[in-house]
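Remarks on the structure that follows.
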Amino acid sequence: MFRVLPPPEIDYRAELPPHQQIIDWVRASIEAGELRPGQVIPSEKEMTQVLGVARTTVRRAVGKLREEGIIYTVPGRGSYVARR
């Protein structure tokens with residue numbers, strides 16, 4: 001499995017929507033050095049299973065991380081932490 005901070009318990013009653021909670025978890029894992037530049041992040045399937053959320057929620061989080069330049073995706077290979 002991947003070295004990342006323990007997965008958050010997604011709180012559907014929190015101010016932050018679930019996809020933002022996932023974004024914050026991935027960012028925190030990068031900032032803590034658990035995910036390093038060039039390293040693959042957990043797959044959408046793994047995140048849906050571990051976090052207990054819908055795949056669309058994970059896709060939204062991954063899409064926003066990609067838009068912000070925090071990760072990049074290689075089709076058929078996965079998403080990786082971007083070099084800054």
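What follows draws every value from the coordinates through simple rules; no lab data is involved. Quick caveat: nothing in here was measured; it's all calculated off a predicted structure. Positions of Cβ are generated from backbone atoms using ideal geometry, with glycine treated the same way; all protein chains shown enter the neighbour counts.
Summing Cβ point charges (Lys, Arg +1; Asp, Glu -1) relative to the Cα centre of the stretch 18-81 gives a dipole of roughly 240 debye. Counted over the chain with a bin width of 5 Å, the fraction of Cα pairs per bin, in whole percents, is 3, 16, 28, 29, 17, 5, 1.
Taking amide H atoms as placed 1.01 Å from N in the peptide plane, the amide H of ILE71 lies under 5 Å from those of ARG66, ALA82, each 5 or more residues away in sequence or on another chain. Put simply, the amide H of ILE41, placed in the peptide plane, has neighbours under 5 Å in SER79, TYR80, VAL81, leaving out anything fewer than 5 places away on its chain. For the stretch 7-84, the list of chymotrypsin sites (Phe, Trp or Tyr not before Pro) that fall in a loop by DSSP and count at most 16 other C-beta atoms within 10 angstrom reads TYR12.
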